[in-house]
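Data block below; observations after.
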Amino acid sequence: MVSSQPRKQRKAVYDAPLHERQGMVCVHVSKELRAKLNTKKRSLAVRKGDTVKVMRGKNKGKNGKVSRVSLNDLKVFIEGIVVKKAKGEEQLIPVDASNLLLVEADMNDKERKQVLERAAKSKQ
């Protein structure tokens, strides 16, 4: 981003295309996972199926599996973090990706493996 004006910063986020929004829902990688994956990469884009830990907010300390990632709202929905509605139904609570820590990554995705391999090459 070129401008330092807050309104232009916000506009850039609101008008960003989906492929740029994917980079806006990145989460920090835990030290244990970094050691396991043998990478220095401190953040990865969160995907459905990842296990994350909530670091901030009312649900701080809770772990859960990512059930949905909303690129339109830039929010992550985690199994087990719900609110009870008036009718008795349970609804998933949206959590900002910046408040999460990646505990276990779902490595079924080829692209994610390639990202980590590229990071490993640059590490050497």
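Hand me the list of strands (runs of 3 or more DSSP E) wholly inside segment 54-124 holding 3 or more residues that are without any contact (Cβ under 8 Å) to a residue 40 or more places away in the chain and farther than 19 Å from Glu20 by Cα. I'd like the intermediate steps shown before the answer.
Details: elements: 63-70, 75-84, 90-96, 100-104.
Hits in segment 54-124: 63-70, 75-84, 90-96.
Among the residues of segment 89-112, write down those that are polar (S, T, N, Q), surrounded by fewer than 16 Cβ atoms within 10 Å (Cβ to Cβ) and within 22 Å of Asn72 (Cα to Cα). Walk me through it before giving the result.
Let us first name the residues in segment 89-112 that are polar (S, T, N, Q), namely 91, 98-99, 108.
Checking which are surrounded by fewer than 16 Cβ atoms within 10 Å (Cβ to Cβ) leaves us with 91, 98, 108.
Passing the criteria: Gln91, Ser98.
May I ask you to list the residues in segment 23-41 that are part of a loop (DSSP other than H, G, I, E, B) and loosely packed, with under 13 Cβ neighbours inside 10 Å? Talk me through it step by step, then tell me what you get.
Looking only at segment 23-41, we keep the residues that are part of a loop (DSSP other than H, G, I, E, B), and these are 25, 30, 38-41.
Matches in segment 23-41: Asn38, Lys40.
Just the residues that are over 20 Å from Ile81 (Cα atoms) and in a loop (DSSP other than H, G, I, E, B), please, taken from segment 42-53.
Hit for segment 42-53 is Arg42, nothing else.
Name, by its number, the condition in (1) touching a helix residue (DSSP H, G or I) at 6+ places or on another chain (Cβ under 6 Å); (2) among the hydrophobic types (A, V, I, L, M, F, W, C); (3) buried (at least 17 other Cβ atoms within 10 Å of the Cβ) that does not hold for Leu71.
The number of the failed condition is (3).
Tell me, yes or no, whether segment 30-41 has at least one residue that is under 13 Å from Ala97 (Cβ atoms), in contact with a strand residue (DSSP E or B) (Cβ under 6 Å, 6 or more places away or on another chain) and not basic (Lys, Arg).
Residues of segment 30-41 that are under 13 Å from Ala97 (Cβ atoms), as a first pass: none.
No, the conditions are met nowhere in segment 30-41.
Looking at this structure, is Ser98 over 23 Å from Lys31 (Cβ atoms) and hydroxyl-bearing (Ser, Thr, Tyr)? Even if it seems obvious, please write down each step before you answer.
On the way: over 23 Å from Lys31 (Cβ atoms): no; hydroxyl-bearing (Ser, Thr, Tyr): yes.
So Ser98 does not fit the description; no.
Where residues in segment 9-28 are aliphatic (A, V, I, L, M) and under 9 Å from the mean Cα position of the chain (by Cα), which of them is nearest to Asn63 (Cα to Cα)? Steps first, answer last, please.
From segment 9-28, those aliphatic (A, V, I, L, M) are 12-13, 16, 18, 24-25, 27; that's our starting set.
From what is left, the residues that are under 9 Å from the mean Cα position of the chain (by Cα) are 24-25, 27.
Details: Met24: 21, Val25: 18, Val27: 14 Å.
Of everything passing the filter in segment 9-28, Val27 is nearest to Asn63 (Cα to Cα).
Read the figures in this text as sums done on the coordinates, not as results from a lab. In this text, all values refer to a predicted model and were calculated from it rather than measured experimentally. Backbone-built Cβ (ideal geometry, glycine too); neighbour counts: all protein chains shown.
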